[in-house]
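The values are calculated or read from the model by the stated rules, or taken from the named source; none is laboratory data. Small disclaimer: the values here were computed from a predicted structure and weren't measured. Using ideal geometry, Cβ is built from the backbone for each residue, glycine included, and neighbour counts are taken over all protein chains shown. Surface areas here come from the heavy atoms of the whole protein model, side chains and all, with no ligands, DNA or RNA. Shrake-Rupley method; radii C 1.70, N 1.55, O 1.52, S 1.80 Å.
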Amino acid sequence: MDISQVLISRGLLTEDQLAEAQAQYDSSERFDKTLLRLGYVNEADLLKIFSEQFSIPVIDLSSEHIDAELLKTMPARLIHKRRILPYRKVGNKLMVAIADPFEMQGLDELRAVTGLEVEPVLASEYEINLMIKRYFGIGGATIDEMLADEQQNVQVIDALDTEDKELIEQAQEATVIKLVNEILREAINDRASDIHIEPFEGDLRIRYRIDGVLHKTNVPPQIRRFQAAIISRIKIMASLNIAEKRLPQDGGFKIRHEGRDIDIRVSVIPSVYGEGVVLRILDKSSLLLNLTDLGMDDETYARFESLITRPHGIILVTGPTGSGKTTTLYAALNSIVSDSIKVITVEDPVEYRLAGVNQIQVHPQIGLTFAAGLRSILRHDPDVIMIGEIRDLETAEAAIQAALTGHLVFSTLHTNDACSAATRLIDMGVEPYLVASSVEGVMAQRLVRTICENCKKEYQPDISELPADFKVDESLKLYRGTGCRECKNTGLRGRIGVFELVAFSDQLRHKITQNASSSELIKIAKKEGMKTLREDGWDKVRAGLTTPEEVLRVTVV
């Protein structure tokens, strides 16, 4: 029976869907592929029908034991080309996962190469591709093409000995372009924020930062031979000087991925074994721009909202690099921007474009610093100003002057907790009375990874193993992720903020004018109801959002 009729008879396809699929059918692909492409059927249903028609069992490849040593002996090029996975050997029989029962040529070639009896099983195409990437590395097929080209007298010459023209030509080879694109695409699909390309002796390591933690990415060992071409390709994309290998360089470019515009910032630094590259991925569609989505509890949200709607003063967000400070400021601006107020930002760099906000990119090399930009924009009559970061006394004094003359100023500062922001400004050289009179409030924050919703399970914790400052009831149930495909077996997926908010009271301002230490300020803030980062983290553990280990990772007592 025709596959479409089988699907209709089982209620998996409607007559209308069949007619629509036939109207869009392209003879260059099989009809079942058209149905899949249009989303009228799912792969699991098709595999089940093929299993019955061809008498080939269906397996869940993710739960099968994959013989990694066996894969090392298999022809990688054939596996990449035919998208098949020989995953286990039983006697003289080779078990091979395939997604398409009509593709028998790959099995015949594998039988001829190995001399073994080949027994096919059906598995999801996604799972097969995932396992091929895991065991053969990202870009494995492309590396094979490059090696084949190399064997046909297309030599990859070491960057130190090559002429610029030859290096440019090499970087523009279709296979090199394809390989770099695969590295970028895989990082975006994995929700990575950064790609680290690091050369070592005899090795080129590629790591992705996902949810704030670096993960090593499996790549073929032969990739080291194409290091110069890969880095040159990235430098060309970022409009950098490929001939300069002794000095750090910074640039960027924009790509379109699945209909989304994504900005890539590139930083290149020289190292002992060649140039190291870090690519920062700025995916505008992934930016949370609503305060309610950041993870603040109701009380913190209400207090922060009251701060950001004040007519003047400085609101600071503090924390280390990568703690989500800019996202919080953008969310704050997004919640107050309107036709009745003018908002101007001075940033380095402008990471995301905000509708209705005038954004300025600083250029220190031509004299446009944070302080210089701030002085200029005051002549443009803004109501709200955002300064990317207060880095020095000049910027701090300009921000305070703006606040004291009736402007609301948002900015970031690198401190470990909220109360330390006041002492940091004083350490920079700002007079204590100016800090006390201009700063309205400080938000310290960190990011913790959240438990994967797909594999989240309840468990009874051993109270004796929990941190001493984590006060729990013996009947309390906690949650953790058991690990699944969605979270790459980490049990964690996505991130949420933990917050520590201090609104400056009269008592705090008085202590600041007396040059009190941050520990003294913390004691007063706690008496006035401040919840510390650690305490907010424990609340999120009790709520089943994250784990004790995550809170311990990013906070201190």
Scattering profile of segment 406-501 at q = 0.24 Å⁻¹ [log10 I(q)/I(0), Debye over alpha-carbon scatterers]: -1.23
Centroid-to-centroid separation of segment 310-385 and segment 231-261 [C-alpha atoms, Å]: 26
Please give the charge dipole size of the chain, origin at the Cα centre, charges +1 on K and R Cβ atoms and -1 on D and E Cβ atoms. Round to the nearest 20 debye. 780
Looks like segment 1-132, by Cα gyration tensor root eigenvalues a ≥ b ≥ c and the a/c under 1.5 rounded cutoff (else prolate when a/b is bigger than b/c, oblate otherwise), is prolate
Between H380 and R260, what is the label-point separation in nm under the 7 Å Cα-to-beta-carbon projection? 2.9
Interchain or long-range residues, amide H under 5 Å from L492's placed H: C452
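Taking a ≥ b ≥ c as the square roots of the Cα gyration tensor eigenvalues, with a/c under 1.5 meaning rounded and otherwise prolate when a/b beats b/c, else oblate, which class fits segment 446-526?
Prolate shape, in that a/c is at least 1.5 and a/b is the bigger ratio.
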With a Förster radius of 22 Å, plug the Cβ-Cβ distance of Q222 and E244 into 1/(1 + (r/R0)^6) and report the FRET value to the nearest 0.05. 0.25
Between the Cα axis of helix 125-136 and the main Cα principal axis of the chain, the angle (0 to 90°, nearest 10) is 80
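D190 to E486: extension gain in nm, 0.36 nm per residue of separation minus the Cα-Cα distance?
Values: separation 296, 0.36 × 296 = 106.56 nm, distance 0.96 nm.
105.6 nm is the gain from fully extending D190 to E486.
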Report, please, the projected area of segment 376-427 averaged over directions, based on the convex hull of its C-alpha atoms, in nm². 3.7
Taking the dipole of the chain about the Cα centre (Lys, Arg +1; Asp, Glu -1; charges at Cβ), the one of F54, S232, L368 that reaches farthest to the positive side is L368
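As an exercise, identify the trypsin sites (Lys or Arg not before Pro) in segment 298-382 lying in DSSP coil whose Cβ has no more than 10 other Cβ atoms within 10 Å.
R353
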Suppose we keep just the DSSP beta bridges with both residues in segment 328-434; what percent of those would be antiparallel, to 5? 10
How far is it, in nm, from the label point at Y352 to the one at V90 when both lie 7 Å from their Cα along the line to the Cβ? 5.1
Expected unfolding gain across Y459-T405 under the 0.36 nm per residue rule, minus the alpha-carbon gap, is 13.9 nm
Exposure of Y126 as accessible area (Å², to 10), given a probe of 1.4 Å and all protein chains: 120
Report the relative contact order of segment 21-129, percent, no decimals, based on alpha-carbon pairs under 8 angstrom and at least 6 residues apart. 26
Whole-angstrom gap from segment 509-557 to segment 419-496, using each part's C-alpha centre: 10
Taking R0 as 41 Å, what FRET efficiency do you get between Q514 and R134 from their Cβ-Cβ distance, rounded to the nearest 0.05? 0.10
Where does the chain land at 222 nm, in deg cm²/dmol rounded to the nearest 500, when only DSSP H runs of n ≥ 4 count, each adding -39500 (n - 2.57), divided by all residues? -11000 deg cm²/dmol
Expressed to one decimal in nm², the mean projection of the alpha carbon convex hull of segment 451-490 is 3.1
Distance between modelled label sites at N290 and R10, nm, 7 Å Cα→Cβ extension: 3.9
Tell me the per residue accessible area of the chain using a 1.4 Å probe; a whole number in Å² is fine. 48
Kirkwood Rh over alpha-carbon pairs of segment 323-450, then Stokes-Einstein at 10 °C and 1.306 mPa s: what D in µm² s⁻¹, rounded to an integer? 105
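What percent do you get for the relative contact order of the chain when only Cα pairs under 8 Å and 6+ apart count?
Values: 916 pairs, mean separation 46.5, N = 557.
Once normalised by length, the contact order is 8 percent.
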Calculated on alpha-carbon atoms, Rg and Dmax of the chain in Å: 28.6, 88
Nearest 10 degrees, 0 to 90: what angle lies between the long axis of helix 518-527 and the longest principal axis of the chain (Cα atoms)? 90
Of all DSSP beta bridges with both partners in the chain, the antiparallel percent, nearest 5, is 65
From the mean inverse distance of alpha carbon pairs (Kirkwood) and the Cα radius of gyration, derive Rg over Rh for segment 356-397. 0.94
Taking the Cα atoms of segment 206-321, what is the range of coordinates along each of the three principal axes, in descending order and whole Å? 57, 30, 30
To the nearest 10 degrees, the tilt of helix 174-189 (Cα long axis) against the first principal axis of the alpha carbons of the chain is 60
Expressed in nm to one decimal, what extension gain is obtained for the pair H363 and D67 from 0.36 nm per residue of sequence separation less their Cα-Cα distance? 101.1 nm
